[in-house]
Amino acid sequence: MVDLESEVPPLPPRYRFRDLLLGDQGWQNDDRVQVEFYMNENTFKERLKLFFIKNQRSSLRIRLFNFSLKLLSCLLYIIRVLLEKPSQGDEWSHIIWVNRSVPLWGLQVLVALISLFETILLGYLSYKGNIWEQILRIPFILEIINAVPFIISIFWPSLRNLFVPVFLNCWLAKHALENMINDLHRAIQRTQSAMFNQVLILISTLLCLIFTCICGIQHLERIGKKLNLFDSLYFCIVTFSTVGFGDVTPETWSSKLFVVIMICVALVVLPIQFEQMAYLWMERQKSGGNYSRHRAQTEKHVVLCVSSLKIDLLMDFLNEFYAHPRLQDYYVVILCPTEMDVQVRRVLQIPMWSQRVIYLQGSALKDQDLLRAKMDDAEACFILSSRCEVDRTSSDHQTILRAWAVKDFAPKCPLYVQILKPENKFHIKFADHVVCEEEFKYAMLALNCICPATSTLITLLVHTSRGQEGQQSPEQWQKTYGRCSGNEVYHITLEESTFFAEYEGKSFTYASFHAHKKYGVCLIGVRREDNKNILLNPGPRYIMNATDICFYINITKEENSAFKNEDQQKKSNVPRSFYHGPSRLPVHSIIASMGTVAIDLQDTSCRSASGPTLSLPTEGIKEIRRPSIAPVLEVADTSSIQTCDLLSDQSEDETTPDEKMSSNLEYAKGYPPYSPYIGSSPTFCHLLHEKVPFCCLRLDKSCQHNYYEDAKAYGFKNKLIIVAAETAGNGLYNFIVPLRAYYRPKKELNPIVLLLDNPLDDLLRCGVTFAANMVVVDKESTMSAEEDYMADAKTIVNVQTLFRLFSSLSIITELTHPANMRFMQFRAKDCYSLALSKLEKKERERGSNLAFMFRLPFAAGRVFSISMLDTLLYQSFVKDYMISITRLLLGLDTTPGSGFLCSMKITEDDLWIRTYARLYQKLCSTTGDVPIGIYRTESQKLTTSESQISISVEEWEDTKDCKEHGHHRGNHRNSTSSDQSDHPLLRRKSLQWARRLSRKGPKHSGKTAEKITQQRLNLYRRSERQELAELVKNRMKHLGLSTVGYDEMNDQQSTLSYILINPSPDTRLELNDVVYLIRPDPLAYLPNSEPSRKNSITTAGQDSREETQL
């Protein structure tokens, strides 16, 4: 082993004693060395390089001076040619020698000296060790050719008239111009435009070619035609433009050779320049160029940031954004990282959009691209997520980064962000408006189970429409449905409103009812001037103030409405109603017997969530006078308003004491103890007293706590709600909470079954045969497909399978693309669906944004597309309150004092009310509810043979063997017996009977033949359904499940349903109409003291069991 001490030399003796006295400090101070950095910059060469090359501003001045020198030399050459007298003869000496005056020679010598000195100096400063690289450069060679002869002529006077091709300095001027432009962009710290540089190079190259050709032809023709500069210019233009008149041509062989050389150079140089410019132009078209700063400061624009732009997304945005009149002058700048799609490019070439939409290819994470879009000057920025991706969390992460980047670059720019997953929403709380897709999707699916077609109601409210859809249709329901679809939510200050100004100081319900009675508008909410919270139907206790902002539903906003008094209406014979459809009652007779109020007292007792009980009067009262409705009081009578306690349930009063005790032990009301994600709004709802073990949540597996393995064994009192989803995500929280809201009676709570996979056996075990609704959530794993519209293929086929197997099941689903809604409950030979398809095409040709609204599944609320709610984000730019109102309607947010959306069904006992206006008055005067629309169900008027044909019998018969006909000819009499499902040959017997009828068809008349055809097809259809029914029943028997309750013949295709938003006051109520209500918050009626609350509970419970007698 080597000794370490021998390797380290000892310290010199002079340091040892000093270290002992001074320590390490003395050692450090003695050996400290001063180092000077950047020593090379202090040399004379580096200083020159800094001034001539490195410094941007001084370098720009030097290049500008050099460019001026080159132009001056070319100008001196032109002056020399113009001053020179034409030479006589054709000797070659006229080519070599010219006549140059002494002053002109002196100027050219001075320019040559300066140019040569500058060239040598720049070559010395840019020298990097290779001298030949500097000498063989084309600019250096041209400088030597043009400058050295003049310098030599100083010492050799006889060479003063030597011809020097000074016109070649134009190429040096072109080179200096390119460098000068580059330095200019560096000096002003701007990113240079490649397209601008390329155009500049092309133009300068073309000018240099023409100038060189002009000067060369003129000089070489000194011994020929003696052309002047103008004739040479004319010849060059005619030659380079390929016109070639032939009136001016070169004569000498030298000039001809020069023309050939110039043409060859032009054919090589110009195409290269054109190709580079075309390539840059194509790239610029792809990237979109820049949005000019001048336009950004003088015109208003918004920026749309997306990861991939599809034609449907673009058209939805443009149609909704430009539907508002005050946005017509706005520009839309699209910032997208991908190349423009072919369909998008075709649309943006339409003049209507090409003048207002600018496409920029770039990323929102780059400040350079945000600067191109002038984000700091934008009025708003819309950031949309890509929902057609398998990993939706990754899509949200990209959206979050875009939002952060925009907020960092332009803090004052309003942000409108769309997010997919609710757990990612808290990252973008700083945004001005946020729409979470899964929150709205699950909330609408849940409310569809409580209030039918809530998704359709919300979709129609957030779309901009004038109510012209369906007005050309021959069917009345389509006209009424299309006209009512034009209703939207608007706002106005009370003191500035003609609708509501007269109701200042009166109750909210009084203002809502009388505004609807007088003007046909539906007042749904208010907002105090000093409060940001919107209150939906704050109830009869709320007194309207002059500064309140009123939110109402109407065909158009008040500012666009014209008002006529009664005299003008009588002269013009215009009905008072805003709707021009046929009315069954005059408006003045809507409210009957307003003065007869002695019988009906003000009743504002707490009602159950299923709706108020509106019954007919007793027989004794009916004999005395016709039923009447109490007027809506201007100010609510607080003594007559009975309070409701949220800790009690009105449904409990109808149960036995034992049931009441068990119910109280099982349920409690309160806020959920845990939130599945940050940012979820706490909702008061029904809770269990104790947490259920996880093992008990498995419905199909028994555990130590229970032995049930199917839904039937649990013995649920209410029908099930089945949710078929791919995963149990956090969004399901927004599905469960509305179904367990505090205002829903316990006796109406439906059990919720989450089905993560839907084979037939699992469907039967979870109780699909006695379920109230089946909710099918769009599968995220299928959203990414080679063809965009195929993202819904799996969901559509699964729903169609459920529809064929369980025709009576109410199926509610959500799709990615609205265009795919036409495949829901698809029937290939359905004539009625084909007619609706034609109507949809006509409405789309008329420019409607709601062309899909007449599809029966959408109108009935069986299907919706979450992409329809994209318009909610777009509308928020003009109506900043739309997201808040939508969240309140869906129950996503709860504001103290704000009402909630619910529904009531019109029964036979309620038909005495007759009209929608009388119902409006009845609700406002009793429970304080405000109706906003009607969900109506009607029977289809077409016959079964026209509307329910699914499979052609004739096509099926062509493939069968003829022997079956003779073998079963005599069995057709028993084909319609009650026990057909027990015979395996039922289908063949039915076909034989139908074939016999078809052969005897020509003997019957036309009507008889049509009836026989109808019976024939119905018979075949019946046998097909029974085959499916046998399949389901056999599986149920195999699983040990009871087949009771499975109705294989119930087909809901015989009815159609649609929504009437804010119908006219004289609209007749029909049996089974479902009325949408905004009910006041029961919390607003809670007293402060506990004893009084208990007393009110007892009074309310007693009164709630009594029906209102009118």
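Observations
- Considering residues of the range 820-865 that are open to solvent by less than 30 Å² (accessible area, probe 1.4 Å) and charged (D, E, K, R) only, the residue farthest from the chain's Cα centre (by Cα): Asp830
- The range 438-452, residues that are over 14 Å from Met774 (Cα atoms) and either open to solvent by 10 Å² or more (accessible area, probe 1.4 Å) or not in a helix (DSSP H, G or I) (or both): Cys451
- Subset of the range 1065-1081 (residues that are open to solvent by 20 Å² or more (accessible area, probe 1.4 Å) and over 21 Å from Asn448 (Cβ atoms)): Thr1067, Arg1068, Glu1070, Leu1071
- Residue in the range 751-767 that is surrounded by fewer than 20 Cβ atoms within 10 Å (Cβ to Cβ), in contact (Cβ under 8 Å) with a residue 40 or more places away in the chain and closer than 23 Å to Met904 by Cα present: yes
- Qualifying residue in the range 290-308 (condition: open to solvent by less than 30 Å² (accessible area, probe 1.4 Å), modelled with pLDDT under 85, closer than 13 Å to Arg356 by Cα and in a loop (DSSP other than H, G, I, E, B)): yes
- Residue under evaluation Gly897, criteria (1) over 24 Å from Pro1065 (Cα atoms); (2) touching an Asp or Glu at 6+ places or on another chain (Cβ under 6 Å); (3) surrounded by 23 or more Cβ atoms within 10 Å (Cβ to Cβ), criterion not met: (3)
- In the range 730-749, the residues that are over 27 Å from Gly897 (Cβ atoms) and open to solvent by less than 30 Å² (accessible area, probe 1.4 Å): Gly731, Leu732
- The selection criterion, being at pLDDT below 90 and under 21 Å from Phe877 (Cα atoms), holds for Glu439.
- Any hit, the range 72-88, residues being open to solvent by 50 Å² or more (accessible area, probe 1.4 Å), of a type in the set (A, V, I, L, M, F, W, C), free of Cβ contacts under 8 Å to residues at least 12 places away in the same chain and in a helix (DSSP H, G or I): yes
- Filtered by the rule that a residue be over 26 Å from Asp792 (Cβ atoms) and modelled with pLDDT under 90, the range 879-906 gives Gly891, Asp893, Thr894, Thr895, Pro896, Gly897.
- Where helices (runs of 4 or more DSSP H) fall entirely within the range 309-364, those with at least 2 residues that are surrounded by fewer than 14 Cβ atoms within 10 Å (Cβ to Cβ) and without any contact (Cβ under 8 Å) to a residue 24 or more places away in the chain are at 342-348, 351-354.
- Among residues of the range 51-70, those that are open to solvent by less than 90 Å² (accessible area, probe 1.4 Å) and modelled with pLDDT under 75, counted: 4
- Residue list for the range 417-436, filter: touching a Lys or Arg at 6+ places or on another chain (Cβ under 7 Å) and either open to solvent by 10 Å² or more (accessible area, probe 1.4 Å) or without any contact (Cβ under 8 Å) to a residue 24 or more places away in the chain (or both): Lys421, Phe430, Val434, Cys436
- Filtered residues of the range 367-378 (kept if closer than 17 Å to Leu415 by Cα and open to solvent by 70 Å² or more (accessible area, probe 1.4 Å)): Asp367, Leu371, Asp376
- Of all residues in the range 703-729, those that are surrounded by 20 or more Cβ atoms within 10 Å (Cβ to Cβ) and assigned to a helix (DSSP H, G or I) total 2.
- Candidates are the residues of the range 204-250 that are among the hydroxyl-bearing types (Ser, Thr, Tyr), assigned to a helix (DSSP H, G or I) and open to solvent by 30 Å² or more (accessible area, probe 1.4 Å); the one that is modelled with the lowest pLDDT is Thr239.
- Qualifying residue in the range 404-417 (condition: of a type in the set (A, V, I, L, M) and under 30 Å from Ala772 (Cα atoms)): no
- Test for Lys479: is it open to solvent by 10 Å² or more (accessible area, probe 1.4 Å) and farther than 30 Å from Arg846 by Cα: no
- Restricting attention to the range 453-465, the residues that are aliphatic (A, V, I, L, M) and part of a loop (DSSP other than H, G, I, E, B) add up to 1.
- Verdict on Asn531 being assigned to a loop (DSSP other than H, G, I, E, B), without any contact (Cβ under 8 Å) to a residue 24 or more places away in the chain and more than 28 Å from the chain's Cα centre (by Cα): yes
The values are calculated or read from the model by the stated rules, or taken from the named source; none is laboratory data. For clarity, every value in this text was computed on a predicted model and none was experimentally measured. Neighbour counts are summed over all protein chains in view; Cβ atoms, including those assigned to glycine, are modelled from backbone coordinates with ideal geometry. Remember, those area values only see protein heavy atoms, side chains included, never the ligands or the DNA or RNA. Shrake-Rupley method; radii C 1.70, N 1.55, O 1.52, S 1.80 Å.
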